[in-house]
Each structure stands twice: as structure tokens, then as C-alpha cells.
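Here's the structure, in C-alpha cells; my notes come after.
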Amino acid sequence: MRVLVLGSGGREHALAWKLAQSPRLSALFCGPGNPGTAALAENRPVAPDRPDQVVALARGVRADLVVVGPEAPLVAGVADALRAAGFAVFGPDAGAARLEGSKAFAKEVMLAAGVRTAAGRAFTSVSEAEAWARARGSVVVKADGLAAGKGVIVAHGADEAVAAVRTLSALGEASRTLVLEEVLDGEEVSVIALCDGVRHVLLPPAQDHKRLLDGDRGPNTGGMGVYCPAPVLDPAALARVGEEVITPVLRTMAARGTPFRGALYAGLMVGRAGPAVLEFNARFGDPEAQVLVMSLDEDLLPWLEACARGTLTPRPLAVAPGASVGVVLASPGYPAAPVTGARISGVDRIGGSCQVFQAGTAMRDGALVTAGGRVLTVCAHGPSLAEARANAYGAVSRISFEGMQYRRDIGARGLGIAHP
């Protein structure tokens, strides 16, 4: 098969890395890709959120399957345009991608599907949102639209809640509507399901670390590291998520005429009453994808093709024993104002059970340099979480660039460690 992967981040590098191992693959292309994907595939220039450019690229490379990585192209209708042009696509149409593109829409779907979630309201008036936040004190404030993983603030106390409303209301188009919710107690975990519009299969649960600093302190980011499987969801609880979250949402979306075909990501809070949905994403998570591909013990390509063609046969995925850990290395100033252009050293010294997936990188004068906020995800698989974690941090110690920042407690919670 000839496969085109759309995107240029660590998620797309990880997907390309896994797809490149498939015996069914005859040619692999990434648009636009990054220096990491260039070692696995043929990078092609394209604006991933421009449907016309993407269709032209898919025709040019004679793609049998297009795998859409990021959320922005999905919300922009790239999958719609590709399907209309006759291509098989792993990724939902724009109507289904609204599960990520609009938090108010996602809340509406959850309520219609009977999915447990936080109580809350949507506001188009900032003053009304401020009044609601002040009256309740601790709230979660969300920008309705896409905000690159930075559109959520958990506020404790009335003053902090009002400040959060004002901060997010300044994001522009993404925050024309604000969604305010009650704060749920528990432990966060991510569950991603591969879906063909009707059926699904579940990937292992993963636990992301959103805050910039150790101990879950500092500003929210796109994700500073992740590990899987996360023990907060045992196999029985994971199956419950499939039955009580994924299945009813797929049924509701299909009934609306917008079947979901792709990776449905449920961000969950697991408390005493069981899992509740915090948010949906319409694609693989980043950095979740990086550790999930390290854990899968079978060919991913047939699964993505079956989802695209509506022929998924549900069965448990083969998962390698042990655990996987991914540590994100970020530029100085991230997430507010990343400083880029620093030379990266040590990536070529990583091997064995470890993989380095590139995101914010570029080649300049023959050298690999930083070109974004989240630069690399250093991943390792091991027979236990402790060993995978040790392997990942051992690899991190061999990589350097000026101002490199990263968390030192990724996976610590899974080992019962508060933070080192």
C-alpha cells in the first residue's frame, strides 16, 4: 500500500515509524513531515489544513490510504475533501471532528449519548461567564474551539475563576464561546479507540502530564510526557469505558449522519464513581501516540485501513508485555514564548529499546536544530514501568540543546511516587 501521513509533529513521526514496519507498505509519504520522518518516508511540502493542496498531493503520490495526524486539518474538512475525491482516509469528516473542534458540541453529544461528564454551561457573553464563575468559585474554564492544547484552565476560587475567563476570552476565534464546568475529582487518563463509524477497538490507557513542571505545577501545555498502560484503568474498567463512552458516542454520531471514522480520544477523570469524560479529541494524542506505537505488538496499517473502509473486526490488539514511557524535551520559554534555533546533539546516539520522535525540529546548515516548543519525545519500552522509565531518562541524559526543559516525574504516579 501507498500511504500518506499528514502532519509534521511527534505524533506523525511515531505513526510513520510504526507504519514503516508494515509488510503491506510499498511506499510512505509525509506531508510536510519533519527531519525525523525524512529518514522513514518521502517528505512532501503541503499545508495540511488546505483541502485542495492535500487532495492534489494524495493524487500526486497515488495514495491508497491517507492518515490525518493533527486536529486542524480534520476540522477544516480535509478528510471530507479526500473522501469526495475517492481516497480512503483514517480521520473523521469535519462534522464528526466537531467533537474536538467545539467543546460545547461535544458536551451536547455526551448528554445525548448518556455519557457521564461534568455539569456545566456554555457562554457567549464574557460578563455572564464571569458571574457564573464567581458564584461557583472553583471551575474548569475551556475555550470552545481549537487552542493547541492550551485552552483549558482549572481555577480554584472565585478570583482565579474570573481571571481564567478573562484570559481565555482573549484567545480570539477559539474562545467566542466559553464552556465552564464543575471540577471533577480523581485521576486523569486517556483512552483512544480506533473506530470505523460503528465498531471500535481500544488501545491501552495512557496517562499524560499536561503541566509544565514536576508535581503537576506550572502552566498547561500540549503534554510534557506520558506512559502506558496506566494502572488507574484495569482491563475491566477499560472495557467499561468502551461500553459506556465509546459505543454510545459512536451510535449518537452515526444517528446524526456524521459517523466517526478515525481515532476517538477520550480524556477521562477516574474517581470513586467511575470514569467521566473531560473532553474528546478527534485524533491520536500527542504524546500519547508515541508511547502507544512503542507498545503495540502487531502491524498497525491493517487497523487504520479497516477503520477508513468501514470494515473493522473488533478483537483485542496485541500489546507487548511491559510498559512504555515518553518524555518531552521542550525549548526554553515554552509554552508562552519558545526560543528556537538551538543546535540539538545526541539524538543519533539513542538506540536499543529507545526511540526519539521529532516534533519541533529543522535542519540548518546540516545540523538538527530546535524549531518549535515541544522539540522531541524520548520514548522507551521495558518489561516494567520502572525499567521503561529508567531507559527513557537514560536516553534523555544523552541529548542536549541550549535551555532544554523537561519533567523528571513522568511515570512516577504509576509507580506510587509523588514526584522525585
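The values are calculated or read from the model by the stated rules, or taken from the named source; none is laboratory data. Just so you know, these numbers come straight off a predicted model, no measurement behind them. Note that we place each Cβ from the backbone using ideal geometry, even for glycine, and neighbour counts take in every protein chain shown. Please note that ligands, DNA and RNA were not included when accessible areas were found on the heavy atoms of the full protein model with its side chains. Shrake-Rupley method; radii C 1.70, N 1.55, O 1.52, S 1.80 Å.
General remarks:
- Springs join every pair of Cα atoms under 10 Å in this Gaussian network model of the chain, and among GLY322, GLY352, GLY101 the largest mean-square fluctuation is at GLY352.
- Projecting the Cα positions of PRO235, GLY271, ALA282 onto the charge dipole of segment 217-305 (unit charges on Cβ atoms of Lys, Arg, Asp and Glu, taken about the Cα centre) puts GLY271 furthest along the positive direction.
- Accessible surface, the chain, averaged per residue in Å² (probe 1.4 Å): 38
- Label-to-label distance, nm, for residues given as THR311 and VAL183 (7 Å Cα→Cβ offset): 5.1
- Net charge dipole, the chain: roughly 360 debye, given to the nearest 20, about the Cα centre with Cβ charges of +1 for Lys and Arg and -1 for Asp and Glu.
- Overall shape of segment 32-113 was characterised from the C-alpha gyration tensor. The equivalent ellipsoid obtained from it has semi-axes of 27, 14, 10 Å, in decreasing order.
- Shape annotation for segment 197-317: C-alpha extents along the principal axes are 43, 32, 26 Å, from largest to smallest.
- Each residue, ALA254 and ARG83, gets one label point 7 Å from its Cα in the Cβ direction; the gap between the two is 1.4 nm.
- The chain, accessible surface, carbon-and-sulfur percent (1.4 angstrom probe): 51
- Relative contact order computed over the chain (Cα-Cα under 8 Å; 6+ residues apart), in percent: 16
- Pairwise FRET efficiency - GLU108 versus ALA320, Cβ, R0 = 45 Å, nearest 0.05: 0.70
- Unit charges at the beta carbon, dipole of segment 28-173: most positive-side option, PRO73, ALA113, GLY33: ALA113
- Rounded to the nearest angstrom and listed largest first, the equivalent-ellipsoid semi-axes of segment 48-171 from its Cα gyration tensor are 37, 15, 10.
- Relative to the globular-protein estimate of 2.2 N^0.38 Å, the Cα radius of gyration of segment 168-215 stands at 1.67.
- Within segment 77-124, the percentage of alpha carbon pairs spaced more than 12 angstrom apart rounds to 67%.
- A simple spin-label model places the labels of THR124 and VAL198 3.8 nm from each other, with each point 7 Å out along Cα-to-Cβ.
- Take every pair of alpha-carbon atoms less than 8 Å apart whose residues are at least six positions apart; their mean separation over the length of segment 198-315 yields a relative contact order of 28 percent.
- Binned Cα-Cα distance frequencies in segment 218-261 - 5 Å width, integer %: 5, 17, 15, 14, 15, 19, 12, 3, 0
- Among VAL165, VAL201, ALA155 - extreme Cα towards positive end, dipole of segment 138-223, charges at beta-carbon: VAL165
- Pairwise FRET efficiency - ALA158 versus ARG50, Cβ, R0 = 41 Å, nearest 0.05: 0.40
- Stretch gain in nm, segment SER26-ARG349, where the contour uses 0.36 nm per residue and the Cα spacing is subtracted: 113.4 nm
- Restricting the calculation to Cα atoms, every distinct pair contributes to the Kirkwood radius of segment 306-420, found to be 15.7 Å.
- Radius ratio Rg over Rh of segment 108-147, counting only Cα atoms, Kirkwood formula for Rh: 1.00
- Over the C-alpha trace of segment 173-268, radius of gyration and Dmax come out as 15.3, 44 angstrom.
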